[in-house]
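I have placed the structure first, in the form of structure tokens, so that the comments after it can refer back to it.
The values are calculated or read from the model by the stated rules, or taken from the named source; none is laboratory data. In this text the structure is predicted, and so the values were computed from the model without any measurement. In this analysis, Cβ positions are derived from the backbone assuming ideal geometry, glycine residues included, and neighbour counts consider all displayed protein chains. For accessibility, only protein heavy atoms count, side chains too; no ligands or nucleic acids. Shrake-Rupley method; radii C 1.70, N 1.55, O 1.52, S 1.80 Å.
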Amino acid sequence: VPFDDRDGWIWLDGQFVAWREAKVHVLTHGLHYASSVFEGERMYGGEIYKLTEHTQRLFQSAEILDFEIPFTVAEIDQACKDTCAKNGLTDAYVRPIAWRGSEMIGVSAQQTKIHVAIAVWDWPSYFKPEERAKGIRMCWAKYKRPSPESEPVHAKASGLYMICTISKHAAEKAGYTDAMMLDYRGYVAESTGSNVFFVKDGVLHTPTPDCFLNGITRQSVIALARSKGVEIVERHIKPEELSTFSECFVVGTAAEVTPVAEIGEYSFTPGKLSLELMEDYSRLVRRELVPA
Ligand code: PMP
């Protein structure tokens, strides 16, 4: 079913609109100039995991892009919950998005109206379960994550996803599931929609998030691992070091914890630590595991 042709309700600027009627004008600034920021959240058994953290990041992303969301954090939190309820979902992916409207077109858009929408849908697994079980296969992306001097890298801004979509498409066309991106210096950064961890001798290594999102899942996985007494090293990782790691997994709201079998010329075997953290994260978000 095409995504715009569904039953259900979308929250748009404070009101519920029938799913098929939730439209924007073709001169929307967000469409032409990427003046748009969004979130990706998941509701598990009736509760959105880290809801307020996600809403706060949406507001920070908007501020970085020089616009102000015309609602409070509490109002958007409530609207996310209400949208799940209105659509009868207790397990859902939640997508809030804020953008500049169509009142002005051109690089300057000071007087545009700021819109906010929230859509929710059933999205059980970002990667196919059979691929997740074996570990996903990834290739290297052609594009590199830009320097913080080139782009507002800590905003979850639509414009920053241009290179992700191009890279993910290239990976899929070549038979891979996703692409791993390097940063502007050539260090391993993140995938097109998730952060990455490696295992060496029982220690977790993960890139320092200095030019990409310090994901909410990444932070949860670090806390989970620490609570199990696992050492974490956040540092710059060169691609050639991948030969020294035994396990690899990617983490994100959509991806959750997903083992990786291959990145380009390097291969990994999903092992004890990856599988334990996958299980622990799944219990944590369902409130079956109390955070330490
Ligand atoms: N990096 C990118 C490029 C992403 O799109 C995401 C998903 N939002 C992440 C990392 C992980 O972020 P989070 O754990 O907050 O979902």
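Heavy-atom accessible area per residue, the chain, 1.4 Å probe: how many Å²?
Working: 13780 Å² over 292 residues.
It amounts to 47 Å² per residue over the chain.
Tell me, what % of the accessible area of the chain is carbon and sulfur with a 1.4 angstrom probe? Display every interim value, and only then the final one.
Values: 7180 of 13780 Å².
Here it works out to 52 percent.
Ordered by residue, what ³J(HN,Hα) values in Hz, to whole numbers, does the stretch 102-108 give under the Karplus form 6.51 cos²θ - 1.76 cosθ + 1.60, where θ = phi - 60° and Gly and Pro are x?
Per-residue couplings from phi come out as 9, 6, 9, 10, x, 4, 7 Hz.
Note down the nm distance, to one decimal, between modelled labels 7 Å out along Cα→Cβ at ASP201 and at ALA170.
3.5 nm
Taking only Cα atoms, what is the 0 to 90° angle, nearest 10, from helix 51-64's long axis to the longest principal axis of the chain?
The two axes meet at around 70 degrees.
Expressed as a rounded percentage, what relative contact order does the stretch 9-121 have, with Cα pairs under 8 Å and six or more residues apart?
Numbers: 197 pairs, mean separation 41.8, N = 113.
Value for the stretch 9-121: 37 percent.
Of the options CYS248, ILE222, THR83, report the single residue whose Cα projects farthest towards the positive end of the charge dipole of the chain (beta-carbon charges: Lys, Arg +1; Asp, Glu -1).
Sorting the options by dipole projection puts first CYS248.
Kirkwood Rh over alpha-carbon pairs of the chain, then Stokes-Einstein at 4 °C and 1.567 mPa s: what D in µm² s⁻¹, rounded to an integer? All intermediate terms of the calculation are to be shown ahead of the outcome.
Details: Rh = 19.9 Å.
Rounded, D is 65 µm²/s.
Can you give the angle from 0 to 90° between the axis of helix 216-227 and the longest principal axis of the chain, with both taken from C-alpha atoms, to the nearest 10?
40 degrees
Please list, in order along the stretch 273-282, the HN-Hα scalar couplings obtained from phi with the Karplus expression 6.51 cos²θ - 1.76 cosθ + 1.60 (θ = phi - 60°), rounded to whole Hz, x for Gly and Pro.
For the stretch 273-282, the Karplus-derived couplings read 5, 4, 5, 5, 5, 4, 5, 4, 5, 4 Hz, x marking Gly and Pro.
With each pseudo-label sitting 7 Å past Cα toward Cβ, what's the ALA74-ARG235 distance in nm, one decimal?
Label-label distance for ALA74 and ARG235, simple model: 4.6 nm.
Lys/Arg Cβ at +1, Asp/Glu Cβ at -1, dipole of the stretch 129-285 taken about the Cα centre: which of THR206, SER167, SER267 is farthest positive-ward?
It is SER167.
Taking the Cα centre of the stretch 27-88 as origin, sum charge times position over the Cβ atoms of Lys and Arg (+1) and Asp and Glu (-1), and report the length of that vector in debye to the nearest 20. Intermediate results must be reported in sequence, preceding the final value.
Details: 5 positive and 10 negative charges, 50 e Å.
The calculated dipole for the stretch 27-88 is roughly 240 debye.
In what order, largest first, do GLU63, GLU172, GLU241 sit by accessible area if the probe radius is 1.4 Å?
In descending accessible area the options line up as GLU63, GLU172, GLU241.
Lys/Arg Cβ at +1, Asp/Glu Cβ at -1, dipole of the chain taken about the Cα centre: which of PRO70, PRO124, ALA98 is farthest positive-ward?
After comparing all options, I get PRO124.
Compute the helix-to-body angle for 73-86: its Cα long axis versus the longest principal axis of the chain, expressed 0 to 90° and rounded to tens.
Roughly 90 degrees between the two axes.
If I take every Cα pair under 8 Å that is 6 or more residues apart in the chain, average their sequence separation and divide by the length, what percent do I get for the relative contact order? Intermediate values should be presented prior to the final figure.
Working: 583 pairs, mean separation 49.3, N = 292.
17 percent.
As a test of reading the structure, rank LYS50, LYS113, LYS173 by solvent-accessible area (1.4 Å probe, protein chains only), most first.
Values: LYS50 75, LYS113 100, LYS173 175 Å².
Largest accessible area first, the list is LYS173, LYS113, LYS50.
Suppose every Lys and Arg Cβ carries +1 and every Asp and Glu Cβ carries -1, with no other charges. What dipole size does the chain come out with about its Cα centre, to the nearest 20 debye? Don't jump to the answer; show the numbers that get you there.
Values: 32 positive and 40 negative charges, 57 e Å.
Once rounded to the nearest 20, the dipole reads 280 debye.
So, with +1 on the Cβ of K and R and -1 on the Cβ of D and E, and no other charges, what is the size of the charge dipole of the stretch 9-121 about its Cα centre, to the nearest 20 debye?
Working: 10 positive and 14 negative charges, 66 e Å.
Computed charge dipole of the stretch 9-121: roughly 320 debye.
Calculate for the chain the 222 nm mean residue ellipticity that helices alone would give, adding -39,500 (n - 2.57) per DSSP H run of length 4 or more and normalising by residue count, nearest 500 deg cm²/dmol. Working shown, then result.
On the way: 7 runs with 77 residues, N = 292.
So the calculated ellipticity at 222 nm is -8000 deg cm²/dmol.
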